[in-house]
Structure formats: C-alpha cells, structure tokens
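Read-outs throughout are calculated quantities, based only on the coordinates presented, and are distinct from any laboratory measurement. The model shown is predicted, which means the values in this text are computed figures rather than measured ones. Here the Cβ positions follow ideal geometry from the backbone for every residue, glycine too, while neighbour counts run over all protein chains shown.
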Amino acid sequence: MTSFDIPGVPDPENPGPAGDESSEPVPEVVLSERDRMPRWIPRAILLFMVGILSLSVFTWLVARLRSLLLMILVSLFLSFAMEPAVNRLSRRGWRRGVATAAVFLGVVLLLAGFLFAMGSVLADQIQRLIDQAPTYIEDIQSWAESQFNVQIDAQGLIAQFQPDGPGGSLAQDLAGNLVDLSTTVVGLLFKGLTVVLFTYYLVADGPRLRASICSVLAPRHQIEVLRVWNIAIDKTGGYIYSRALLSLLSMLFHWAALALLGVPFPLALAIWVGVVSQFIPVVGTYLAGLFPILIALLNDPISALWVLIVIVVYQQIENYLFAPRVTAQTMEIHPAVAFGAVIAGAGILGPVGALLALPAGATIQAFVSSYLQRHELVDAALIWGADFDPTPEVIPPRDPGGSDD
C-alpha cells in the first residue's frame, strides 16, 4: 500500500480511466457568513498598531522637546499679554515691530530694576544683621540671666561676628554673593533669547501668523480660531494689566506706610509687596508681607507689629474695594476655579504652570461659557435659601397726576 492507497483519494500517477465513478473529488469546505472573520478586523488591528506606534513616537518627541514646547507655551502667553499694548501703539501710527520692541524694552527695564532693588535690600540687611549680631547676643544673654538666673558665656559666639571672625567674613561674602545673584538673574533673563525671539515674532507678526493659519481652514473654522485667539488675548492681557494696576496701588500704599513707620528701604520693600502679592498665585500675599516684617523686626520689633497691621488692613481694602472694581472690567474668575487652576498648573508644568494657570483658566472659562446655554431656575428657594429673594423689588412708577398717598 503506497502513500496514495487511501480510500477516496485518487492516485496522481494512476488517476484511472476517465469517468471512473470510484474517484470522487474532495468536497470544498464552505463557511457560512456568520463563521467568517469580518473584513474590518484586519484593518482595525492595523489601525490600532499604527495608533500605538504613533502615540509612542509622539510621547518620545514630547519628552525630548519638552523644554522647547514649554518655551513656546510661555512665549504664546507672553504674546497674548503684550499684544493689547502693541495693538494700541499700532493704532496710534507706530510700526508694529517698533511698538513690540518698545514694549519689550519697558518690561525688561522693570524686571531689571525690581531684581536690582531686591538684591540691594537683601545685601544691606544681611550685612546689618551681622554687624548688630553681638548686640543682639548680649541682650539675649542679659535677658536669660535676669529671667532664669542662667549664666551664659557668649563671648566666644560674639567673637565669631567680629570683622576678622568667620561671621564677619561670611557677611561680606553673602552681601557680595547676593548682588552677584541679582546680576546673574538679570543675565539669565537676557539669556532667555529663545523665549524673547518667539514672543517677539508672535507679537510683531501676529496678524500675518493668524492669516497664515486661517488660510488653510474653512471659513467657519476660521471664525472659531479667531474667536478663541481674541478671547485668549483679552483674558491674558486683562489679567496682566489688572494685576499691574493692583500692584501699583499696593506699592503706593505700602511705600507711604513704610516711610511713615521709619522702615528702611520703604520704596524697594513696597515694590516687593506690590509685585509678589499680585503676580504669585495663592501664596504671594504671605510671601509679600513676610519680607518687610522681617526687615522691620531687625530694626524695631514694635514697627514690625505696625507693618503687620498695615499689610492686613490694606489686604482687606484691596479685597473689598480695589480688586472687585478692577477685575470686573478685565478678568473675572471664581476663587475656587483659580485655586484649582493654580494647583493643576503647578502639577503639570511646575512654577511656570502655576504662573500661567490663571490666564489659561480664565480663557478656558470664557470660551466654555460662550457655548453654554443658560436656563431658568426651577426652584430658587432651594438654590438661594429660604430667606433670600434673588429678584429685586420692583417699584411701580409714580403717577405724575396722582397724589402723594
């Protein structure tokens, strides 16, 4: 029996006579439509694999270009903040490039002046603290001996702060290093050439950039893109200018108060309070008030208490008088939304994200609210409370011909 001596299977070498009924063909197996693999499954698997590969490449590129993308994002928001001022100068006849350069120069000068003033204050106060440290130590020694009858030999510690001691040398080094630090920070600002260039071209060529983007979009999409762009410019510019106005008011108030209290460097400390309290989210108010209180404490503890009172009083004036009037015309964002936006921004992008969170949150809020449809409240008592009537009292107009009754 050969390999082809299988019943029902013809021998290819001896197929037999034509028409032999004993040689039957192998029946073809036909699958029903339900048992077959759908034709879209191979395509779906291919698309899924391509999607996974594309996502991996995209993630790899974002990880490698993270610093560049972050600089572009910062430049974009800076361009949003600067464009209203540039547009105003352009409407007055300035060339757009010259207007952008003028705004840039003003911002750089303000930042350089702020950093130089803070560096000078820190250097002077650290030097003064080291110079007066022996007096502080002697006062502490006398107080401990009178209150607790404890003998403290502080001469060795005082010797550390003499001009030829380690403390005196440390003071000189710290003072010099702080001035160098402020100079280094200014240098780093100038070295941020990439951000400056991106921001400059985004502002100077803003109309051309928007025209280039809109030229590849359908008309209805062009309207949406321009609408979002205008919202971002209005909200970001409104945030910056409202903060700048509140910062100016804070600086003037604290300058006058610190000068009356006799605190050293009243102008520099007032600039610190105004800038930090307005442009650093959430913790800016506390950081702003801590520095002048410490400076006053080194000179006179009683004046430090008055500085604390001044800061608290002004904070209430700003919260209830200045801030509502300013932000109502520029950028209005709920405090809970602002707090959550800052935390989210810090978690995603760190300190840069915290600074960009508020204008980004205001832009998103304004864009989303423009698509929301408002409806009539179904149960005002449950929403507002039983004792609150949200509808204002309507007084009917007085009839000129009627009586006063």
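Residues checked against (1) surrounded by fewer than 16 Cβ atoms within 10 Å (Cβ to Cβ); (2) in a loop (DSSP other than H, G, I, E, B); (3) within 24 Å of the chain's Cα centre (by Cα):
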site	(1), (2), (3)
Leu47	yes, no, no
Trp60	yes, no, no
Gly113	yes, no, yes
Ser120	no, no, no
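So, in the range 260-283, exactly how many residues are out of contact with any Asp or Glu (no Cβ under 8 Å at 6 or more places or on another chain) and either basic (Lys, Arg) or closer than 20 Å to Phe116 by Cα (or both)? Total meeting the criteria: 16.
Val263 meets all of the listed conditions (1) assigned to a helix (DSSP H, G or I); (2) buried (at least 22 other Cβ atoms within 10 Å of the Cβ) but one, namely (1).
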